[in-house]
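Asker: Mind looking over this structure? Questions follow.
The values are calculated or read from the model by the stated rules, or taken from the named source; none is laboratory data. This is a predicted model, so every value here is computed, not measured. Virtual Cβ from ideal backbone geometry, glycine too; neighbours counted across all protein chains shown.
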Amino acid sequence: MRHNTIKIIASSLLAFTLFSGCNGDSVADANNAKAKLGKALFLDKNLSYNGTMACATCHDLNHAMVDSRTASFNNGASTGADGTSISNRNAPTAAYAAFSPDFGVDEEGEYIGGEFLDGRAKDLKAQAKQPLTNPVEMNSSIKGVVSAVKADTTLNAQMKTIYGVEIFDDNNRAYDAIADSIATFEETVEFAPFDSKFDRWNEGSYTFTPQEAEGKKLFEGQGQGRGEGRARCIVCHPINEYHPTFTDYSYDNLGVPVNTVLHGVNGVTAVDNGLGGRKDINNGLLYGAFKVATLRNIAVTGPYMHNGIFKKLKTVVHFYNTRDTGGINPETNATWGAPEVPLTVNHTELGNLGLSDAQEDAIVAFLKTLTDKKFEHLIP
């Protein structure tokens with residue numbers, strides 16, 4: 001629900017510089033070693049309290065950095081290391097996460113950026129720290145994580161080489177270094193290859209099919225009448241630079257219904273007020289607002305929405321199109337459920353788009369072109 005893109009462009013240029021590297025100078029070499037350590041830590045299940053869960057469990061490197069476990073997909077949220085605890089939110093993709101600006105307020109007075117669906121982590125390093133000690137995720141402690149890394153001969157040596165021989169003398173300093181390494185790994189090209197069909201089209205090496213081209217036109221809001229481009233997805237998912245991330249990193253209440261299936265398994269009854277419900281914000285005007293997601297790899301990163309309520313991408317597009325007009329959820333054959341937080345729903349930019357079924361399909365076809373090449377085989 002934002003319209004200011006200046007900060008987004010600056011952030012993307014900064015992040016692209018990080019991803020591009022410097023071809024062998026001392027800074028790039030140090031970051032490369034740090035990224036290798038970060039990858040080892042990202043994959044290490046010993047960082048969880050019982051050795052069963054790694055960062056990669058919920059952000060599968062082979063599945064667009066989302067939780068690929070069937071149970072988590074069916075519920076809409078991830079199961080923790082204890083095998084029973086289930087989050088109340090869908091794990092977002094970690095791909096392209098490094099492009100998000102630090103959490104803060106922009107010149108228009110709107111909240112922007114940060115990590116997690118409510119932006120509670122200022123940046124990528126702050127984000128890396130939280131799942132490790134979250135009781136419904138990896139459920140360890142700062143001391144437990146540091147001890148696990150220290151006990152591993154290879155990781156121990158890498159930590160001392162990069163951060164100094166005294167790094168383990170202070171648990172908090174070591175924990176910060178662990179998070180720094182993981183964040184550095186998440187800044188590598190493995191998380192942001194920019195090689196989708198869209199990128200190839202942008203470079204002149206791919207031609208959109210007629211349906212994909214029509215979907216892009218609708219996505220961009222071209223046309224004048226209802227059903228001729230009222231989607232205007234670019235309002236919140238801009239295409240404003242050479243390597244767009246398809247998000248403005250703002251926060252919005254999309255009117256998503258309660259995921260009753262998820263609440264049936266995790267026992268949660270409280271309303272999720274998102275950004276506005278954070279203790280440090282506590283703003284009723286922002287209740288129900290969640291971070292606008294990147295559309296990179298969106299075709300293979302279901303389930304969708306902050307609570308994982310929808311399984312198919314076509315369902316999401318149909319929801320945006322017919323939410324306020326008595327539309328039918330094709331996954332349940334029932335009308336859309338009432339918004340979990342009704343008072344702050346965005347009725348201006350979605351809910352009654354006037355798109356035909358064929359136009360919805362065209363938008364889905366375009367969205368599929370945003371899939372990184374290595375994940376194209378996962379497209380349903």
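Asker: Any chance you could count how many residues in region 103-136 are under 17 Å from VAL292 (Cβ atoms) and within 16 Å of the chain's Cα centre (by Cα)?
Answerer: Going through region 103-136 one residue at a time, the tally reaches 12.
Asker: Follow-up. Looking at this structure, is ALA299 in the same structural domain as HIS347 (by TED's automatic domain parsing), of a type in the set (A, V, I, L, M, F, W, C) and assigned to a loop (DSSP other than H, G, I, E, B)?
Answerer: For ALA299, the condition - in the same structural domain as HIS347 (by TED's automatic domain parsing), of a type in the set (A, V, I, L, M, F, W, C) and assigned to a loop (DSSP other than H, G, I, E, B) - is not met.
Asker: Is it the case that some residue within region 113-131 is surrounded by fewer than 17 Cβ atoms within 10 Å (Cβ to Cβ), farther than 21 Å from ASP252 by Cα and assigned by TED's automatic domain parsing to the domain that holds ALA40?
Answerer: Yes, there is a match, as at least one residue in region 113-131 is surrounded by fewer than 17 Cβ atoms within 10 Å (Cβ to Cβ), farther than 21 Å from ASP252 by Cα and assigned by TED's automatic domain parsing to the domain that holds ALA40.
Asker: Could I ask something else about it? Give all pairs with beta carbons closer than 9 Å in which a residue from region 277-290 that is charged (D, E, K, R) meets a residue that is crowded, with 16+ Cβ neighbours inside 10 Å; count only pairs at least 6 apart in sequence or on separate chains.
Answerer: Short answer, once both residue conditions are applied: ARG278/ASP118; ARG278/GLY119; ARG278/ARG120; ARG278/LEU286; ASP280/ARG120.
Asker: Quickly run through region 248-265 and pick out the residues that are surrounded by fewer than 20 Cβ atoms within 10 Å (Cβ to Cβ) and either within 19 Å of the chain's Cα centre (by Cα) or part of a loop (DSSP other than H, G, I, E, B) (or both). Working first, answer last.
Answerer: Residues of region 248-265 that are surrounded by fewer than 20 Cβ atoms within 10 Å (Cβ to Cβ), as a first pass: 257-258, 260-261, 263-265.
VAL258 - this is the single residue of region 248-265 that is surrounded by fewer than 20 Cβ atoms within 10 Å (Cβ to Cβ) and either within 19 Å of the chain's Cα centre (by Cα) or part of a loop (DSSP other than H, G, I, E, B) (or both).
Asker: Only one of these is touching a residue at least 40 places away in the same chain (Cβ under 8 Å) and either basic (Lys, Arg) or within 30 Å of ASP44 (Cβ to Cβ) (or both): GLU187, GLU166. Name it.
Answerer: GLU187
Asker: What are the residues in region 124-136 that are assigned to a helix (DSSP H, G or I) and closer than 25 Å to GLY83 by Cβ, if any?
Answerer: GLN127, ALA128, LYS129, GLN130, PRO131, LEU132, THR133
Asker: Let me ask another. Filter region 128-160 for residues that are of a type in the set (D, E, K, R) and over 16 Å from ALA33 (Cα atoms) and give the result. Let's see the steps before the verdict.
Answerer: Going residue by residue through region 128-160, those that are of a type in the set (D, E, K, R) are 129, 137, 143, 150, 152, 160.
LYS129, GLU137, LYS143, LYS150, ASP152, listed by residue number.
Asker: Now a separate question. Determine if region 327-340 includes at least one residue that is surrounded by fewer than 20 Cβ atoms within 10 Å (Cβ to Cβ), of a type in the set (A, V, I, L, M) and in a loop (DSSP other than H, G, I, E, B).
Answerer: yes
Asker: Does ASP324 satisfy the condition of being within 27 Å of ASP361 (Cα to Cα), of a type in the set (Asp, Glu) and assigned to a loop (DSSP other than H, G, I, E, B)?
Answerer: yes
Asker: Let me ask something additional. Taking the stated definitions as given, is PHE310 out of contact with any Leu (no Cβ under 9 Å at 6 or more places or on another chain), buried (at least 21 other Cβ atoms within 10 Å of the Cβ) and either of a type in the set (Phe, Trp, Tyr) or at pLDDT below 95 (or both)?
Answerer: yes
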